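Down below is the structure, laid out as structure tokens.
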Amino acid sequence: QVQLVESGGGLVQAGGSLRLSCAASGIIFSINTMGWYRQAPGKQRELVTYITSGGNTNYAPPVKGRFTISRDNDKNTVYLQMDTLKPDDTAVYYCNAPKLPGVLFSWGQGTQVAVSS
């Protein structure tokens, strides 16, 4: 049974930083591209960044230069370092494995990030 467990969210002031973690179980983690998604109130869930099994990364324009995705295959965990946070980054953040047009696995509970101005 696949399980994705996100953690590390919280309330932070604009300009601050947070580090999110996503622990995966029930999958062969190392072979999967993993991504971070977010869903802001009243908006659709969007892919923010992903990292391939080989470590190549890609970032959506709104977060490029501020967010850094990484992975530890020994720990079956993917991370999201978020710096210079903005109020527009406020959302519930989820991890999953992108497989267009959707994702490979069921969604976890996500972790709430709130950025105050």
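The values are calculated or read from the model by the stated rules, or taken from the named source; none is laboratory data. Here the structure is a predicted model, which is why all the values come from computation and not from measurement. All Cβ positions, glycine included, derive from the backbone under ideal geometry; neighbour counts span all protein chains shown. These accessible areas exclude ligands, DNA and RNA; they are computed on the full protein's heavy atoms, side chains included. Shrake-Rupley method; radii C 1.70, N 1.55, O 1.52, S 1.80 Å.
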(request) Keeping all protein chains in position, work out how much accessible area residue 2 exposes to a 1.4 Å probe, and write it in Å² to the nearest 10. (result) 60
(request) Mind giving me the nanometre distance, one decimal, between the label points for residue 99 and residue 114, set 7 Å out from Cα along Cα→Cβ? (result) 3.6
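Report the convex hull volume per residue for segment 1-51, counting only C-alpha atoms, in Å³.
Per-residue hull volume (Cα only) is 114 Å³.
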(request) Please give the length that would be gained between residue 66 and residue 84 if that part of the chain were fully extended, namely 0.36 nm times their separation in residues minus their C-alpha to C-alpha distance (nm, one decimal). (result) 5.9 nm
(message) Which residue, 35, 25, 53, has the largest displacement toward the positive end of the dipole of segment 18-73 when charges sit on each Cβ (Lys, Arg +1; Asp, Glu -1)?
(response) 35
(request) Quote the charge dipole size of segment 63-117 about the Cα centre in Debye, to the nearest 20; the model charges only the Cβ of Lys and Arg (+1) and of Asp and Glu (-1). (result) 140
(message) For the chain, set up a GNM with springs between Cα atoms under 10 Å and report which of 51, 27, 69 has the largest fluctuation.
(response) 27
(message) Give me P(r) over segment 45-109, computed from all C-alpha to C-alpha distances, binned every 5 Å, as integer percentages.
(response) 4, 14, 27, 27, 19, 8, 1
(request) Using the Karplus curve 6.51 cos²θ - 1.76 cosθ + 1.60 with θ = phi - 60°, work out ³J(HN,Hα) for each residue of segment 61-67 in order, rounded to whole Hz, and write x for Gly and Pro. (result) x, x, 10, 4, x, 10, 10
(request) State the dimensionless ratio Rg/Rh of the chain (Rg: radius of gyration of Cα atoms; Rh: Kirkwood radius). (result) 0.94
(request) Pull up the DSSP beta bridges for the chain and report the antiparallel fraction as a percent, rounded to 5. (result) 90
(request) List the residues whose amide H sits under 5 Å from the amide H of residue 86, counting only those 5 or more places along or on another chain, with H placed 1.01 Å from N in the peptide plane. (result) 15
(request) Could you tally up the Lys pairs in the chain with alpha carbons closer than 23 Å? Skip any pair fewer than 8 positions apart unless they're on separate chains. (result) 6
